[in-house]
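Following: one structure in structure tokens, then a few remarks.
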Amino acid sequence: MRVTRASAIDHRTSRPRGFPWAVALFAAALAAFCSPNVAGANTSNGFNLPVGVTGLSQAMYALHMEVFWICVGIAVVVFGAMIYSLVKFRRSQGAVPDTAMVHSTQVEIIWTIIPVIILVVMAVPAADLIIKQEDTRNSELSIRVTGYQWKWQYQYMDAGDGVSFFSTLKQDSNFARQLDSGVDPETVPNYLLDVDKPMVIPSGTKVRLLLTSMDVIHAWWVPDFGAKRSAVPGFVNELWFKVDAGKEGVYRGQCAALCGRDHGFMPVVVDVRTPDDFKKWVEEQKAAVKQAGTPAAPTAGGGPPPSAQVLN
Amino acid sequence: MAHDHDAHTAHDAHHDDHHDQPAAGIQRWLFATNHKDIGTMYLVFSLVMFFIGGAMAMVIRAELFKPGLQLVDPGFFNQMTTMHALVMIFGAVMPAFVGLANWMIPLQVGAPDMALPRMNNFSFWILPFAFTILLSSLFVPGGAPAGGWTMYPPLFLQGGNYVAMAIFAVHLMGASSIMGSINVIVTIMNMRAPGMNLLKMPLFCWSWLITAYLLIAVMPVLAGAVTMLLTDHYFGTSFFNAAGGGDPMMFEHVFWFFGHPEVYIMILPAFGIVSEILPTFSRKPLFGATSMIYAIASIAFLSFIVWGHHMFVDGMPLAAQVFFMMSTMLIAVPTGVKVFNWTATMWRGSLSFEPPMLFAISFLFLFTIGGFSGVMLAIVPVDFQYNQTYFVVAHFHYVLVPGAVFAIMAAVYYWLPKWTGNMYSMGLAKAHFWLSTIFVNVLFFPQHFLGLAGMPRRIPDYAVQFSDWNMVSSIGAFGFGLSQILFVVVIVQCARGGKKASAEVWDGATPTGLEWTIPSPAPYHSFTVAPEVK
């Protein structure tokens, strides 16, 4: 059931937006290499950060674009002056050097102060956003995320108390990714970005993750949530996000810190459901635990039970 | 001053231990104490490492050409990314700058040689051994280091034999760098020609003087960090082992306290080179030379208080995040001053486009792009999205390849006629320039898109929506790699012969500095009588 649901609401590469200059620059390459209907991990258009589905990710995107356009503005001025020099002051065009132009305190003070002002303009909203990002108070659901080589363990607290399972690369991807497997990755749905059992969270709820690791440093990352934090052995890092109501669906990311041989093969998948559906899911999980006396086995399409998934 | 050579010959009777001509055969190189010979050895070594590291990059890009694993297994892929970085940083870029320092600092300050010639010999000859040890780890059971060049524990400590080999190699490289730096500092401080006060000193020497202090300050920090790794691995200590009460984050702090100055070690001499070349071919003095020196010094100082920006995602208190963001952004100010001054140097000049100038201009544009992505990465809240993605890979390759490496190529094209006495093929050198500049952008620009779209770095295989840009990037990589063969062709041709270069080499342009007052090729012993600087 989840499989159908996931593919129905999965967020795929969508409308191209932004970066027209880049599109122009690489238009030829694009035309040659772009294959249509590529399955997407997130709502990025393939060029730019995703806007995402949390308040934080949207604020990050806005700040990213603000800084980007400031950089473009500076680039236009600086590169403009360079290109003008290259065109105008060519020896082959008979340009005569102005050897007296060696120093100007006034100009140098100006081009020291203007960048400082621009940096302050960028730093103030940035500092503001850091404070928001770090504020993990009043979360409604906490999940302990533990990194292992090479899978994630999710242990629910608060409303989801007692639910605990591992999340590992799905078998079809795992088969296709072997050296010379003979399987075309294009034929595997959500190649390398699918797991046997995703993290399930309710929408419209402030979720706090407590991240740690049992072996090496990993990093949990879902671009659409604007959520990335390292899982460091011996430490507990905190992270929060709140997916907007109405944005239910499956969101995908990956481990972002080199964690050994299979670093590229420990995806993060989060299934966002309405709070009611989430409650149902929690009940199902608890019932399954009671029935089996072991953590719930993965549902349709999943691999072997987590207990069988030993380190490679 | 063109008579130095004769002056030296006249003195020769009194200097029996000095030979006017180099020793014959292998002894010339094994027992080299001449700064020119040692400089040449450093540069050749660096070129060899550039191709070894480049071959590893080709393996990486070939595997990433399309999704799925076709060529190498993930473990070997990680060895390639790790070794590519170690070889390029410690084997290619840093020795190239030391080679240029060896060749050019005595010539630019009017000294007969480096201050400590035997130590100079030692600091070079350590390197082939260090890299033999490092590279031979590819052939031992368990393979080469695969935990990233940053060697973060606990991952690095999961390794086998490579742990000891890599750490010993890093120690040797560090010792070599420190000795090289001592030599640079002593030479510059004590052996400048009469009349050359510090502010009259060429910018290349200035940038190296500051770099040498940075190296001496941070190389021991790296040595300390890797020594703690060594004892954690072999002697049961728990510096970084959480289970034993240690702290894996402490390694990151110590490492990046070395690591951030290290990135400026790889770019400050490049600043010096560009500050030499742009005025020459703009036929106009460097704009704001004094503020350029202050800018280098401020960048060097700031480099010690920004290390935390490599670790925002790894967990850091709020106040530290804000502090490291602000200090990092501050670096944009002196760097901006440098870029503006270079632009002002070209402004109302009379520009010609010889190969060194072409590489310097390319540096100016492309390094600035790396600067922009650097400012973006400094913004902590968004860094959470950029960090550990291909956006970072694009950023540091923009500052290192069209930044540091292009500056090294510019320097080689600038001074090669002085070294060999021959002009090289301008046509081939320009072809090398255009191919390199085009392909380096095809190679690295799409990596910005990949990172923003969500591709993590250091992965051997990727989800299919990243296929297109990876293919473009790989094509750029193969093109860039092949173009470098032209570089070797130009150098070998030039070393073998060609049109004779004049003492000033760049006739019609305005090269300044003492190196242009001696004949080309620079005589084996130069400035045995110190020149007078007015």
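No lab work stands behind these numbers, since they all come straight from the coordinates. Because the structure is predicted, anything quoted here is derived from the model rather than measured. Counting neighbours? That spans all protein chains shown, and the Cβs are built from the backbone with ideal geometry, glycine included.
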Checklist entry - Quick one: if the Förster radius is 51 Å, what FRET efficiency do residue A:187 and residue B:301 give, using the C-beta to C-beta distance and rounding to 0.05? => result 0.40
Item to check | DSSP beta bridge pairing in the range A:141-308, given as percent antiparallel to the nearest 5 | outcome: 70 percent
Next on the checklist: Placing unit charges on C-beta atoms (Lys and Arg positive, Asp and Glu negative, everything else neutral), compute the dipole magnitude of the range A:141-308 about its Cα centre in debye, rounded to 20.
Outcome noted: 460 debye
Checklist entry - Longest exposed-loop-site-free stretch of chain B, with chymotrypsin sites (Phe, Trp or Tyr not before Pro), DSSP loop and at most 13 other Cβ within 10 Å? => result B:236-534
Checklist entry - By the scheme Lys and Arg +1, Asp and Glu -1, what is the net charge of all other residues having a beta-carbon under 15 Å from that of residue B:360? => result +2
Next on the checklist: Compute the distance from the alpha-carbon center of the range B:460-534 to that of the range A:97-144, in whole Å.
Outcome noted: 36 Å
Checklist outcome for this item: Shielding of A:127-134 by other chains, given as the mean Cβ count within 10 Å, works out to 5
Next on the checklist: Restricting to DSSP H runs of at least four residues, report the calculated mean residue ellipticity at 222 nm for the protein assembly as shown, -39500 (n - 2.57) per run over all residues, nearest 500 deg cm²/dmol.
Outcome noted: -18000 deg cm²/dmol
Next on the checklist: For chain B, take the longest principal axis of its alpha carbons; what is the angle in degrees between that and the long axis of helix B:426-453, to the nearest 10 within 0 to 90?
Outcome noted: 20 degrees
Checklist outcome for this item: Final fewest-first order of A:192, B:199 on the 10 Å Cβ neighbour count is B:199, A:192
Next on the checklist: Whole-Hz ³J(HN,Hα) for each residue in the range A:130-137, computed from phi via Karplus 6.51 cos²θ - 1.76 cosθ + 1.60 with θ = phi - 60°, x for glycine and proline: what do you get?
Outcome noted: 4, 4, 4, 4, 7, 7, 9, 5
Next on the checklist: Can you give me the convex hull volume of the Cα atoms of the range B:384-493, divided per residue and expressed in Å³?
Outcome noted: 91 Å³
Checklist entry - Which whole number of Å³ per residue matches the convex hull of the alpha-carbon atoms in the range B:4-517? => result 151 Å³
Checklist outcome for this item: By the Cα gyration tensor axes a ≥ b ≥ c (a/c under 1.5 gives rounded; else a/b larger than b/c gives prolate, otherwise oblate), the shape of the range B:76-128 is oblate
Checklist outcome for this item: Of the residues B:147, B:337, B:271, the Cα lying farthest along the dipole of the protein assembly as shown towards its positive end, which is defined by charges on the beta carbon of Lys, Arg, Asp and Glu, belongs to B:337
Checklist outcome for this item: FRET efficiency for residue A:279 and residue A:180 from the Cβ-Cβ distance with R0 = 45 Å, rounded to 0.05, comes out at 0.45
Checklist entry - Sorting B:82, B:343, B:510, A:99 on the 10 Å Cβ count, fewest up front, what's the list? => result A:99, B:510, B:343, B:82
Item to check | Cα gyration tensor shape for the range A:43-128, rounded if a/c is under 1.5, else prolate or oblate | outcome: oblate
Item to check | Distant-in-sequence amide H partners of residue A:259 (H built 1.01 Å from N, under 5 Å) | outcome: none
Item to check | Distance between the range B:338-382 and the range B:36-84 - C-alpha centres, whole angstrom | outcome: 27 Å
Next on the checklist: Amide H of residue A:268 versus every other amide H placed in the peptide plane: which residues, excluding those fewer than 5 positions away on the same chain, fall under 5 Å?
Outcome noted: A:253, A:254, A:255
Checklist entry - List the lysines whose alpha-carbon lies under 27 Å from that of residue B:66, not counting same-chain residues fewer than 8 positions away? => result A:151, A:170, A:228
Next on the checklist: Under the 0.36 nm per residue contour assumption, what length would be gained going from the current alpha-carbon distance of residue A:65 and residue A:88 to full extension?
Outcome noted: 5.0 nm
Item to check | Gap separating the Cα centres of the range B:246-277 and the range B:410-449, nearest whole Å | outcome: 25 Å
Checklist entry - Can you give the convex hull volume of the alpha carbon atoms of the range A:141-308 per residue, in Å³? => result 114 Å³
Item to check | Reciprocal of mean inverse Cα separation for the protein assembly as shown (Kirkwood radius, Å) | outcome: 28.3 Å
Next on the checklist: Compute the angle between helix B:406-420 and the longest alpha-carbon principal axis of chain B, please, reported from 0 to 90 degrees and rounded to the nearest 10.
Outcome noted: 30 degrees
Checklist entry - Which FRET efficiency value, to the nearest 0.05, is calculated for residue B:504 and residue A:76 with the Förster distance at 60 angstrom and r the Cβ-Cβ distance? => result 0.95
Next on the checklist: Rounding to the nearest 10 and keeping the result within 0 to 90°, find how far the Cα-based axis of helix B:117-136 lies from the longest principal axis of chain B.
Outcome noted: 30 degrees
Checklist entry - Using a simple spin-label model with points 7 Å from Cα along the Cα→Cβ vector, what separation in nm is obtained for residue B:51 and residue A:214? => result 4.9 nm
Item to check | Point-to-point label distance, residue B:235-residue B:24, nm (Cα→Cβ direction, 7 Å offset) | outcome: 5.0 nm
Item to check | Whole-Hz couplings from phi, Karplus 6.51/-1.76/1.60, listed for the range B:506-519; x for Gly and Pro | outcome: 8, 4, x, 9, 10, x, 10, x, 5, 4, 8, 8, 9, x
